[in-house]
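A short write-up of the structure that comes next.
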Amino acid sequence: MKGSCILLALTLVSADALAEGTRSVFLAKPNVIGVEESVGVRAIASMAEALGAREEVRVVTPEELQGVLDLEKTKGLVGCEEDAACVAEVTKASKTDLVIATTVGRVGKTFVATLTLVSPDQAAPLGRESVNVPNLEKLDAQLKVAVARLLGLEGAETKVAYHLPQGTKLSFAVLDLQATGVDAKVTANLTQLLSAAIKRVEGATVISRDDLVALLSLDKLNQMVGEDCDTSCVAELGGALGVDKLISGSVGTLGETYFISLRLIDPNEVKTDNRITESFKGTEDQLIRAINHAARSLLGLEASSGGALVVTASQEAAEVYVDNERVGELPLPPIPELKSGRHSVRLVKGGYFDWQQDAYVEPGDTTAVWAELERRPEQWYEKWWVWTAVGGAVVVGLTATLIVANRAPQNGRVDVDFLVAPLRP
């Protein structure tokens with residue numbers, strides 16, 4: 001999995017929840033979607049190590065829970081997957097204060113892990129957060145930093161935050177994104193990331209699919225958010241949930257282009273407040289950054305800071321253009337202070353096809369782009385054997401002229417010096 005990137009959406013208790021003293025946290029068995037189970041196990045191990053090093057937290061793992069609960073009951077509970085009510089039941093049974101349910105999936109070559117925190121008092125997540133980690137090798141260190149930040153513990157890093165207008169508080173329900181030409185597992189992971197992106201906005205509370213399943217029966221939910229559900233149908237769901245806004249949409253491909261379409265619906269007025277479509281040419285991995293940008297665009301939020309872009313390629317000395325402006329020649333240092341959002345990147349080098357792709361820049365973060373340049377096929381007149389053959393033909397032709405000249409005397413006499421002189425180098 002070298003060169004791949006891992007994105008972790010972490011949902012943990014806030015610092016206020018730990019202020020009262022030591023809390024116990026149960027790390028439920030990870031639910032994996034389209035990836036090896038070892039990836040999920042590694043994420044749980046990293047979380048356990050990070051939390052176990054803190055005096056404020058007592059960690060309980062699935063293995064430890066085996067000795068607390070009846071074996072059969074444990075098997076039915078530790079892998080609750082998407083049922084928040086089930087997770088809450090585990091909390092009570094294990095006598096822990098909080099439970100973290102983990103789902104690990106993949107978008108392109110990028111791994112996505114979502115962790116949902118549930119308390120025994122309410123079958124709903126307490127919050128969401130997301131962090132980008134470049135590869136599996138850096139998973140452990142990045143998890144420790146992320147956990148410290150989300151718990152508000154000493155040494156935690158500050159993360160870029162977005163704000164609704166001062167004094168504004170809104171509740172959102174995020175419905176499952178529909179898949180059009182992409183794997184349904186990918187859209188399931190992107191739905192989780194969309195929920196996390198909205199949750200990071202100060203003043204916003206989010207109800208995701210996990211919460212919807214806890215509040216409604218699964219059959220009722222599928223009936224209300226199916227493909228045939230129109231705006232009024234979705235508004236009815238919003239009214240049933242008591243939220244201010246609903247977010248629905250789809251993710252798909254059209255040729256070499258990916259697109260994300262989102263709608264912001266007001267269930268009280270039964271109308272669409274905003275509709276955006278984000279499209280780009282690139283790899284499936286870019287969907288992760290694209291969904292974050294689309295979420296902010298849907299809510300009309302602007303980043304207060306820019307990000308950086310690092311461009312590398314299989315060939316050096318290629319000219320680099322960002323948004324049609326030449327920025328230099330490879331190798332290049334990071335390109336700083338780019339506006340957050342989509343940027344067009346193009347590489348040009350003689351003898352190679354031009355390379356072009358879109359890249360999303362996140363505020364306060366660095367986006368890496370790798371280009372594999374493809375050599376152009378040589379034209380017939382550029383091939384070495386053509387010029388070798390042409391050169392040979394010229395020599396043969398001149399030699400033949402010499403021979404003919406020697407064999408074609410005029411008036412019985414051959415002027416050898418005159419004929420040979422032009423052939424001398």
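The values are calculated or read from the model by the stated rules, or taken from the named source; none is laboratory data. Because the structure is predicted, anything quoted here is derived from the model rather than measured. Neighbour counts are summed over all protein chains in view; Cβ atoms, including those assigned to glycine, are modelled from backbone coordinates with ideal geometry. For accessibility, only protein heavy atoms count, side chains too; no ligands or nucleic acids. Shrake-Rupley method; radii C 1.70, N 1.55, O 1.52, S 1.80 Å.
Summary table
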| item | result |
| --- | --- |
| Hits in the range 34-55 - residues which are open to solvent by less than 50 Å² (accessible area, probe 1.4 Å) and either of a type in the set (Asp, Glu) or not in a loop (DSSP other than H, G, I, E, B) (or both) | VAL39, GLY40, ALA43, ILE44, SER46, MET47, ALA48, ALA50, LEU51 |
| Elements of type strands (runs of 3 or more DSSP E) in the range 162-209, at least 1 residues being β-branched (Val, Ile, Thr) and open to solvent by less than 40 Å² (accessible area, probe 1.4 Å) | 170-174, 204-207 |
| Unique match (being closer than 28 Å to ALA204 by Cα, of a type in the set (D, E, K, R) and in contact with a strand residue (DSSP E or B) (Cβ under 7 Å, 6 or more places away or on another chain)) among GLU329, GLU362, GLU337 | GLU362 |
| Residue check, GLU72 among the charged types (D, E, K, R) and either at pLDDT 55 or above or not in a helix (DSSP H, G or I) (or both) | no |
| Residues within the range 237-280 that are open to solvent by 30 Å² or more (accessible area, probe 1.4 Å), aliphatic (A, V, I, L, M) and in a strand (DSSP E or B), tallied | 1 |
| Lone unmet requirement of (1) open to solvent by 40 Å² or more (accessible area, probe 1.4 Å); (2) modelled with pLDDT of 95 or more for VAL320 | (1) |
| Some residue of the range 144-155 being within 23 Å of GLY108 (Cβ to Cβ), modelled with pLDDT under 65 and not in a helix (DSSP H, G or I) | no |
| Residue in the range 274-281 that is without any contact (Cβ under 8 Å) to a residue 24 or more places away in the chain and either touching a His at 6+ places or on another chain (Cβ under 9 Å) or among the aliphatic types (A, V, I, L, M) (or both) present | yes |
